[in-house]
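Let me begin by presenting the structure, written as structure tokens, before commenting on it.
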Amino acid sequence: MDFHYSAEDERFRQDARGWITANLPPGWGRDVHEPEDEHARYMGRLAWEKKLYHGGWAGLAWPREYGGQGATLVQQAILAEELARAGAPEGLNIIGRNLTAPTLMHHGTEAQRRRFLPKILSCEEVWCQGFSEPNAGSDLAALRTTAIRDGDHFVVNGQKTWTSFAQYAQWCFMLVRTDPAAPRHKGISFLLVDMRTPGITVRPLRQISGESEFNETFLDNVRVPAENLVGALNGGWAIAMTTLTYERGPEDALARQIRFSRDLDRLLDVARTQRRHGAPAIDDPVLRQKLAGAVIEVEIMRLNCLRSFSRLLQGKPLGPEASFQKLYWSHMAQRLYETALETLGATAPLAAGDPATPAGGLFQTGFLQSRAFTIYSGTSEIQRNIIAERVLGMPK
Amino acid sequence: MNFDFSAEQIMVQDSVRSYLADAWSMARLRRLIEDDGDGFDAALWDGLAALGLPAILVPEALGGLGLGFVDLALVLEECGRALVPGPLVETMIATDAIVRFGTEAQRLALLPGIAAGRLRVVPAIVESGDAPLATPLAGGWSLSGHRMLVPWAAQADKLLVAVRFAADAAAGLVIVDPQQAGVSLRAETLFDPTARAFDVSFDRVVFGAAEVLGGGPSAAAVERIGDAGAVAAAAQMCGIAARMLDLAVAYACQRVQFGRPIGAFQAIKHRCADMLVQLESGRTAAYFATWALASAAPEAVRAVSMAKAYCGDASRFICNETIQIHGGVGFAWELDLHLYLRRAKTLEYSYGDATAHRERLLGAVLAGREAA
């Protein structure tokens with residue numbers, strides 16, 4: 001056990017820090033912020049992600065043959081820390097990088113990897129995820145979208161929902177029913193679908209935060225080349241489990257941790273300026289306990305990620321423990337934003353847009369967004385089933 | 001950057017676990033409850049000493065293994081899991097302070113004996129409202145006051161007493177022989193009947209610089225022994241919580257109600273999943289804290305307080321829920337659950353409880369931000 005970084009890693013950190021400083025606009029995070037407008041914000045994120053790619057910072061730990069840098073997971077974590085320190089924007093192609101890519105590395109053909117992976121890194125192709133349907137949420141295997149073989153194509157019909165970033169995506173990986181007669185889990189296949197194919201309609205859904213990150217996606221006789229099948233026909237369920245493991249895994253969690261850590265830092269500033277009972281809020285002993293609890297939980301989230309990285313570095317597979325990461329951070333983040341609103345106290349009802357709200361409404365938005373954390377990529381109830389049944393060995 | 005234990009560290013854990021499985025049992029532990037004597041299990045002490053546990057932190061030149069706090073982490077967890085009674089862990093905590101702060105003469109006098117399992121040293125640092133005060137005297141000091149909850153004081157060869165020095169208002173650790181004139185012990189009645197602790201009074205106990213750890217007052221030594229104790233408590237709580245979760249899961253899989261094992265009900269299995277999340281997050285914090293202590297990292301204060309606060313809350317949740325999952329038998333004296341509960345509760349309030357550590361951590365974080 002050693003949390004010191006090697007000299008090489010420290011050099012890497014300095015390089016990363018230097019590059020980030022040189023490439024973010026001057027005054028970033030202080031007088032220059034991400035745009036309020038959602039579309040402009042996402043376009044800005046995409047531009048930043050492309051900039052990172054051209055600077056050689058994308059896919060650090062990916063193999064070189066797929067456009068990666070062949071660096072270590074530790075260096076990837078260092079880069080993430082440095083991006084956070086600078087308050088750099090998040091990316092837009094998170095689903096491509098964190099979900100499509102590892103899924104194809106595990107289950108794709110060599111041709112699929114060479115076709116898709118480099119363009120994920122370069123952000124020429126943004127990805128979305130077509131798993132959930134109106135009647136297949138927690139019970140994902142109930143999905144009904146069909147794909148019927150027709151010559152060298154599949155013809156896809158049905159509806160997907162909660163499709164994040166579908167309006168910006170060129171590609172979607174999708175679970176489809178290819179054998180309606182087979183037992184539920186054994187008739188599902190994993191398809192890669194070009195979002196520009198005729199027959200696809202995307203309709204944005206408004207979220208409780210007011211944002212429209214996710215969408216309904218309608219599929220009407222969409223023709224998908226058969227070569228875009230990943231793995232075996234009707235073998236999609238096992239592949240989806242790989243995807244979900246990465247969705248819940250430490251790389252995804254670390255990127256989020258950094259955002260929580262940044263918001264927490266901002267919160268500690270706000271706690272000093274907000275007043276409560278005629279004194280700075282930070283002097284209130286009850287609030288101090290909660291803020292300290294938040295500091296502890298956010299730091300443990302980071303360490304939990306590093307602990308998982310160590311397992312991965314030893315070549316141990318990421319298994320159902322990924323559910324543990326997701327269950328931990330989702331509830332932690334909800335407590336964090338509740339504490340943030342408590343810190344705002346009487347000013348909590350002010351929202352983004354009001355000049356008097358502290359931190360520009362960051363915490364109100366974070367609070368609303370956090371309600372989704374325990375729902376998406378598998379509700380907490382599903383994660384608990386997975387942990388109880390597959391880690392603890394309890395009966396179904 | 002590496003968050004893993006080495007193969008050797010895991011081997012030591014395995015050897016401690018298998019020794020305890022063979023040589024130690026809850027039945028043996030229960031004898032300590034009925035025992036009116038000193039409660040000290042000499043055979044267990046000798047066995048664990050033969051395995052080399054008290055020698056872990058002692059430098060090789062002084063007959064020890066020359067290892068650090070990280071090497072102790074999994075051993076401490078096993079001690080918790082098996083409810084190993086003191087004063088083994090207490091001696092390890094004191095050893096850490098002696099290794100770091102002792103003068104050459106003090107290290108020579110104490111550490112070889114500790115490594116060989118001949119000498120038991122325990123901390124006497126719990127605040128009691130009448131903290132021992134050292135007033136200057138020709139050639140030394142005179143010590144009066146008392147410390148409560150001194151673990152296994154009657155079985156200890158030396159106490160490391162946290163003392164205030166009147167002259168310069170400094171703090172320090174003083175090596176006191178519990179048999180020395182002016183020292184008196186009152187056995188305390190404890191929540192954990194398998195533990196022993198004493199209220200120790202000091203009445204004009206005379207000592208010189210040779211008895212002050214490091215040769216003079218050292219607030220750092222007092223803070224360090226508290227930190228070592230807090231991390232040792234956090235690691236032991238992880239061990240107890242892990243054992244409790246094992247028991248909860250095993251019981252839930254075997255107990256049938258409404259025609260099914262109760263572990264098939266989500267009300268039970270979901271709780272067990274939450275217990276696992278807290279257990280593993282507690283381990284993450286405790287392991288990191290052992291590293292921070294071992295490497296004297298700048299974030300040590302924060303790491304220690306984080307571990308003690310989080311593990312205290314996690315252990316509380318896991319122990320309470322394990323009893324709940326057992327239903328009626330969970331409340332029965334004959335089941336061992338309450339013994340784990342009592343030990344865990346004691347550790348939860350030893351070396352600073354979660355509330356105190358949260359406040360300490362926030363203070364450190366805010367001070368760090370001021371400085372930055």
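The values are calculated or read from the model by the stated rules, or taken from the named source; none is laboratory data. Please read all numbers here as calculations on a predicted model, not as lab measurements. Positions of Cβ are generated from backbone atoms using ideal geometry, with glycine treated the same way; all protein chains shown enter the neighbour counts. Remember, those area values only see protein heavy atoms, side chains included, never the ligands or the DNA or RNA. Shrake-Rupley method; radii C 1.70, N 1.55, O 1.52, S 1.80 Å.
A few points about this structure:
- Flag for A:Asn135 being open to solvent by 10 Å² or more (accessible area, probe 1.4 Å) and out of contact with any Ser or Thr (no Cβ under 9 Å at 6 or more places or on another chain): yes
- Applying a threshold of 7 Å to beta carbon distances and a minimum spacing of six or more residues, or different chains, the list of pairs starting in region A:134-151 at a residue that is on the phi > 0 side of the Ramachandran plot and without any contact (Cβ under 8 Å) to a residue 24 or more places away in the chain and ending at one that is open to solvent by 70 Å² or more (accessible area, probe 1.4 Å) and not small (Gly, Ala, Ser) is empty.
- Test: B:Ala124 is touching a helix residue (DSSP H, G or I) at 6+ places or on another chain (Cβ under 8 Å) and over 20 Å from B:Ala49 (Cβ atoms): yes
- Pick from region A:284-299, criterion touching a Lys or Arg at 6+ places or on another chain (Cβ under 9 Å) and more than 7 Å from every other protein chain (Cβ to nearest Cβ), ranking: most open to solvent (accessible area, probe 1.4 Å): A:Lys290
- Count of region B:81-120 residues which are outside any loop (DSSP other than H, G, I, E, B), free of Cβ contacts under 8 Å to residues at least 60 places away in the same chain, farther than 30 Å from B:His338 by Cβ and touching a helix residue (DSSP H, G or I) at 6+ places or on another chain (Cβ under 8 Å): 6
- For region A:111-125, the condition of being touching a residue at least 12 places away in the same chain (Cβ under 8 Å), closer than 23 Å to A:Arg184 by Cα, touching an Asp or Glu at 6+ places or on another chain (Cβ under 9 Å) and open to solvent by 10 Å² or more (accessible area, probe 1.4 Å) holds for none of the residues.
- Among the criteria (1) open to solvent by 30 Å² or more (accessible area, probe 1.4 Å); (2) of a type in the set (Gly, Ala, Ser); (3) part of a helix (DSSP H, G or I), the one A:Ala61 does not fulfil is (3).
- Single unsatisfied condition, B:Pro298 versus (1) open to solvent by 10 Å² or more (accessible area, probe 1.4 Å); (2) assigned to a helix (DSSP H, G or I); (3) farther than 23 Å from A:Ile387 by Cβ: (2)
- Long-range neighbours under 8 Å by Cβ, at least six apart or interchain, first residue within 8 Å of chain B (Cβ to nearest Cβ) within region A:300-313, second of a type in the set (S, T, N, Q) and assigned to a helix (DSSP H, G or I): A:Ile300/B:Ser281; A:Ile300/B:Thr284; A:Leu303/B:Thr284; A:Asn304/A:Gln325; A:Asn304/B:Ser281; A:Asn304/B:Thr284; A:Arg307/B:Thr284
- Condition met for B:Ala181 (open to solvent by less than 30 Å² (accessible area, probe 1.4 Å), on the phi < 0 side of the Ramachandran plot and small (Gly, Ala, Ser)): no
- Filter result for A:Tyr42 (open to solvent by less than 60 Å² (accessible area, probe 1.4 Å) and either assigned to a loop (DSSP other than H, G, I, E, B) or not assigned by TED's automatic domain parsing to the domain that holds A:Val74 (or both)): no
- The set of residues from region A:283-305 being in a helix (DSSP H, G or I) and touching a strand residue (DSSP E or B) at 6+ places or on another chain (Cβ under 9 Å) comprises A:Asp283, A:Leu287.
- Residue match in region A:22-35 (condition: of a type in the set (Asp, Glu), outside any helix (DSSP H, G or I) and within 26 Å of A:Ile95 (Cβ to Cβ)): yes
- Filtered by the rule that a residue be aliphatic (A, V, I, L, M) and within 9 Å of chain A (Cβ to nearest Cβ), region B:276-295 gives B:Leu276, B:Val277, B:Ala285, B:Ala292, B:Ala294.
- Count of residues meeting criterion [in contact with a Cys (Cβ under 9 Å, 6 or more places away or on another chain) and more than 10 Å from chain A (Cβ to nearest Cβ)] in region B:325-366: 8
- Residue selected from region B:233-273 under the condition in contact (Cβ under 8 Å) with a residue 24 or more places away in the chain and at the interface with chain A (Cβ under 10 Å from one of its Cβ atoms), by the criterion farthest from B:Phe69 (Cα to Cα): B:Ile262
- Residue selection: B:Ala97 satisfies the criterion of being touching a strand residue (DSSP E or B) at 6+ places or on another chain (Cβ under 7 Å) and either crowded, with 24+ Cβ neighbours inside 10 Å or closer than 19 Å to B:Ala300 by Cβ (or both).
- Residue in region B:289-308 that is free of Cβ contacts under 8 Å to residues at least 60 places away in the same chain and within 25 Å of B:Leu32 (Cα to Cα) present: no
- Output for region B:325-346, where each listed residue is touching a helix residue (DSSP H, G or I) at 6+ places or on another chain (Cβ under 7 Å), in contact (Cβ under 8 Å) with a residue 12 or more places away in the chain and open to solvent by 20 Å² or more (accessible area, probe 1.4 Å): B:Asp336, B:Leu341, B:Arg343
- Test: residue in region A:322-329 that is within 19 Å of the chain's Cα centre (by Cα) and either more than 11 Å from chain B (Cβ to nearest Cβ) or open to solvent by 30 Å² or more (accessible area, probe 1.4 Å) (or both): yes
- For the criterion of being among the hydroxyl-bearing types (Ser, Thr, Tyr) and more than 17 Å from the chain's Cα centre (by Cα), A:Tyr53 passes.
- Criterion (crowded, with 19+ Cβ neighbours inside 10 Å and modelled with pLDDT under 90) met by exactly one of A:Ala77, A:Ala16: A:Ala77
- The set of residues from region A:222-270 being charged (D, E, K, R), open to solvent by less than 30 Å² (accessible area, probe 1.4 Å) and modelled with pLDDT of 90 or more comprises just one member, A:Asp263.
- Going through (1) under 20 Å from A:Trp127 (Cα atoms); (2) at pLDDT below 90; (3) open to solvent by less than 20 Å² (accessible area, probe 1.4 Å) one by one, A:Glu90 falls short only on (3).
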